1. Looking at this structure, is Phe149 surrounded by 15 or more Cβ atoms within 10 Å (Cβ to Cβ), farther than 30 Å from Ile130 by Cβ, in contact with a helix residue (DSSP H, G or I) (Cβ under 9 Å, 6 or more places away or on another chain) and of a type in the set (A, V, I, L, M, F, W, C)?
2. Within the stretch 180-202, which residues are without any contact (Cβ under 8 Å) to a residue 40 or more places away in the chain and under 19 Å from Thr56 (Cα atoms)?
3. Does Ala208 meet the test of being surrounded by fewer than 16 Cβ atoms within 10 Å (Cβ to Cβ), in contact with a helix residue (DSSP H, G or I) (Cβ under 9 Å, 6 or more places away or on another chain) and small (Gly, Ala, Ser)?
4. Any idea which of (1) part of a helix (DSSP H, G or I); (2) under 29 Å from Asp215 (Cα atoms); (3) hydrophobic (A, V, I, L, M, F, W, C) is the one Trp83 doesn't satisfy?
5. Do we have any residue at all in the stretch 22-29 that's modelled with pLDDT of 75 or more, farther than 23 Å from Ile169 by Cα, surrounded by 15 or more Cβ atoms within 10 Å (Cβ to Cβ) and not aliphatic (A, V, I, L, M)?
6. Out of curiosity, is Leu85 surrounded by fewer than 21 Cβ atoms within 10 Å (Cβ to Cβ) and touching a Lys or Arg at 6+ places or on another chain (Cβ under 8 Å)?
7. Got at least one residue in the stretch 113-123 being surrounded by fewer than 20 Cβ atoms within 10 Å (Cβ to Cβ), without any contact (Cβ under 8 Å) to a residue 24 or more places away in the chain and under 25 Å from Val171 (Cα atoms)?
8. Quick one: which helices (runs of 4 or more DSSP H) lie wholly within the stretch 116-234 and hold at least 1 residues that are at pLDDT 90 or above?
Amino acid sequence: MLSIFRKEVNQFLNSLLGYMVLVVFLVATGLLFWVFPQGNVLDYGFAEMGSFFNLTPFVFIFLIPAITMRSFAEEKKSGTLEWLLTKPLSEWDILGGKFLAAWFLSFLALLPTLIYFISLFVLGAPTGNIDAAGVTGSYIGLLLLSLVFTSIGIFGSCLTDNQLVAFVISVFLCYFFYSGISSIAGIDIWAKSSLILSYFALDTHFQALGKGLIDFRDVLYFISLATALLAASKIILSSRRW
């Protein structure tokens, strides 16, 4: 698994596309946080990162599928997946290595945004006047959200040998699980059942973590969903052997 992890990270960081994806993410979140109206903290006048945490998941919906789209689609197209499966590596080794590499790259993209928190911490009046617990919870939420989005991206890449198709499938599924379920739950026809339906929406659990209270049930939901999607990816990989 470790060899697959190193290979995937090196390939991404040695490609121009890899750096372009990371730069686009940082530029997009920077503009949303500091420049664009009705979202930037300079106009808002309060030392809080609500706008950043509200908008970053939607940037992740495109960023993470861009990272994962080639994971298996490119291997299938080039014919190297079958060669990889003949190596002394289990399917879980291959799947886990590619998954962890993509999640690590998502973490690398998120890491520089800590400068936003540091800036607000210093600029606050008085210094340090910021909801540190809420920010910590939201960052944990973003890491868990990227965990699920990465598993969705890996799943989408397993379905096809076309990177663009894998990207589109993954973007759609990421949006559906994050915001689509909540939108469906908001339709009047569900009545009291809408609360049950909304529980399966990722944004429900992400927003709960953003309040600064780390509930084990929220964490468990993210991990369970990611595990289920990886298991589905494993089934797809296993089917290619027959």
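1. no
2. Gly180, Ile181, Ser182, Ser183, Ala201
3. In short, no.
4. (2)
5. yes
6. On the way: surrounded by fewer than 21 Cβ atoms within 10 Å (Cβ to Cβ): yes; touching a Lys or Arg at 6+ places or on another chain (Cβ under 8 Å): yes.
Criteria met by Leu85.
7. No, the conditions are met nowhere in the stretch 113-123.
8. Once the helices (runs of 4 or more DSSP H) in the stretch 116-234 are filtered for at least 1 residues that are at pLDDT 90 or above, what remains is 132-158, 163-175, 202-209.
The values are calculated or read from the model by the stated rules, or taken from the named source; none is laboratory data. No experiment lies behind these values; they were computed from the predicted model shown. All Cβ positions, glycine included, derive from the backbone under ideal geometry; neighbour counts span all protein chains shown.
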